[in-house]
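Engineer: The structure's right below; bear with me while I get my questions together.
The values are calculated or read from the model by the stated rules, or taken from the named source; none is laboratory data. This structure is a prediction, so every number in the text was calculated from the model and none was measured. Cβ: placed from backbone, ideal geometry, glycine included. Neighbour counts: every protein chain shown. Surface accessibility is based on the protein's heavy atoms, side chains included, excluding ligands, DNA and RNA. Shrake-Rupley method; radii C 1.70, N 1.55, O 1.52, S 1.80 Å.
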Amino acid sequence: QVHLVETGGGSVQPGGSLRLSCVVSGSLDRDYVLGWYRRRPGEEREWVAMMPSVGLISYTTPVKGRFTLSMDNGKKIAYLQMDDLRPEDAATYYCGLHQGGRRYWGRGTQVTVSS
C-alpha cells in the first residue's frame with residue numbers, strides 16, 4: 001500500500017517562497033508518474049508539475065520559471081520549491097502518484113499568499 005504525506009504549506013506574502021515535501025511510503029514501481037496538483041477555492045483540482053520515472057519534468061504554464069519539482073529517490077521524498085509566489089497560487093496542494101494502474105493522493109497542504 002502506498003501513502004503520500006505532504007508538508008510545508010503555510011502563509012507567505014507575495015514574492016515569498018515555500019518548499020513543499022511529499023513523503024512516499026510503500027513501494028515505487030519502475031514506471032510511475034508523480035506530480036503536484038492544487039485546488040483553489042471553488043475550482044477543480046489542476047496539475048502543477050509532473051515527473052515521470054523516466055523523462056522530463058513538466059510544469060503548467062502559470063508556474064513555469066517559479067516552481068521547481070525535484071525528488072530524492074533514496075528517501076522517496078518529492079519536493080516542490082515555489083518561488084515568487086502570487087496571490088493566485090493560494091490553494092491546497094496535493095501530491096499524486098500514478099502507478100500500476102492506480103492513483104494515490106495525499107491529504108494536501110494549504111498555501112496562503114497574501115499581504
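Engineer: Does the range 47-67 include one or more residues that are charged (D, E, K, R) and open to solvent by less than 50 Å² (accessible area, probe 1.4 Å)? Spell out the reasoning first.
Structural biologist: Start the filter on the range 47-67 by keeping residues that are charged (D, E, K, R), which leaves 64, 66.
Pick out the ones that are also open to solvent by less than 50 Å² (accessible area, probe 1.4 Å) and you get 66.
Yes, some residue in the range 47-67 is charged (D, E, K, R) and open to solvent by less than 50 Å² (accessible area, probe 1.4 Å).
Engineer: Given the conditions (1) open to solvent by 40 Å² or more (accessible area, probe 1.4 Å); (2) touching a residue at least 24 places away in the same chain (Cβ under 8 Å); (3) small (G, A, S); (4) not in a loop (DSSP other than H, G, I, E, B), report the number of the one that S115 does not fulfil.
Structural biologist: With (1) open to solvent by 40 Å² or more (accessible area, probe 1.4 Å); (2) touching a residue at least 24 places away in the same chain (Cβ under 8 Å); (3) small (G, A, S); (4) not in a loop (DSSP other than H, G, I, E, B) applied to S115, the lone miss is (4).
Engineer: List the pairs whose first member sits in the range 1-23 and is modelled with pLDDT under 95 and acidic (D, E), whose second member is surrounded by 13 or more Cβ atoms within 10 Å (Cβ to Cβ) and not in a loop (DSSP other than H, G, I, E, B), and whose Cβ atoms are under 6 Å apart, counting only residues at least 6 apart or on separate chains?
Structural biologist: Hits for this filter: zero, empty list.
Engineer: Separate question: Which of the residues that make up the range 8-46 are polar (S, T, N, Q), surrounded by fewer than 14 Cβ atoms within 10 Å (Cβ to Cβ) and under 15 Å from Q110 (Cα atoms)? Steps first, answer last, please.
Structural biologist: At the first step, the residues of the range 8-46 found to be polar (S, T, N, Q) are 11, 13, 17, 21, 25, 27.
Keeping just the survivors that are surrounded by fewer than 14 Cβ atoms within 10 Å (Cβ to Cβ) gives 11, 13, 17, 25, 27.
Answer for the range 8-46, where residues must be polar (S, T, N, Q), surrounded by fewer than 14 Cβ atoms within 10 Å (Cβ to Cβ) and under 15 Å from Q110 (Cα atoms): S11, Q13, S17.
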